[in-house]
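Here, each number is a calculation from the coordinates, and none is a lab measurement. As the structure is a computational prediction, the values presented were derived from the model and not from experiment. Cβ coordinates were reconstructed from backbone atoms using ideal geometry, including for glycine residues, and neighbour counts include every protein chain displayed.
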Amino acid sequence: MTIPLTEFEQYIDKIILKRGLQYFNKDLVNEPEEIGPGEYEAIVEGTEPYTVHPTIKNKVITEHICSCPYDMGPVCKHVVAVIFHLLQNDLDLTVKTKKNSGEGKKNTTEKKTPKKKTISDT
């Protein structure tokens, strides 16, 4: 399934979009690394760490692979979380830096008003 980055929300189930946005907002996506031209790898912390491999050409996701066992549709929440991470500047989404305390990680997230409609607006 190819997914245009400028319209990705129209290609993915709303529930999966919301769950992926939650993962992004909770700062569960480690910084994606470009491992080749337009090929990325990111670890998303879920029930366990899952590896996500999206391939992007001409602002279109041409391939996406996730190591999770999800098989209920073409795209899982981990892939969506990585998409939100990759597009966070375009969507005006900001995840503040993780802060460590004696009690463990505390994540604070701030969402700016988006320039265009996102799943959080529905």
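Using the structure shown, decide if Tyr23 is of a type in the set (Phe, Trp, Tyr) and either exposed (fewer than 14 other Cβ atoms within 10 Å of the Cβ) or under 15 Å from Glu63 (Cβ atoms) (or both). In short, no. When you scan segment 48-84, how many residues do you find that are farther than 14 Å from Arg19 by Cβ and of a type outside the set (Val, Ile, Thr)? Count: 13.
Yes/no per residue for (1) among the small types (Gly, Ala, Ser); (2) in contact with a His (Cβ under 9 Å, 6 or more places away or on another chain):
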residue: Val44; (1), (2): no, yes
residue: Val52; (1), (2): no, yes
residue: Ile61; (1), (2): no, no
residue: His64; (1), (2): no, yes
residue: Asp71; (1), (2): no, no
residue: Val75; (1), (2): no, yes
residue: His78; (1), (2): no, no
residue: Ala81; (1), (2): yes, no
residue: Asn89; (1), (2): no, no
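Take the conditions in contact with an Asp or Glu (Cβ under 6 Å, 6 or more places away or on another chain), more than 15 Å from Val80 (Cβ to Cβ) and of a type in the set (D, E, K, R) and apply them to Glu31. Does it pass?
On the way: in contact with an Asp or Glu (Cβ under 6 Å, 6 or more places away or on another chain): no; more than 15 Å from Val80 (Cβ to Cβ): yes; of a type in the set (D, E, K, R): yes.
So Glu31 does not fit the description; no.
Within this structure, Ile16 passes the test of being in contact with a Lys or Arg (Cβ under 6 Å, 6 or more places away or on another chain) and of a type in the set (A, V, I, L, M).
The set of residues in segment 21-31 being touching a residue at least 60 places away in the same chain (Cβ under 8 Å) and in a loop (DSSP other than H, G, I, E, B) consists of Lys26, Asp27.
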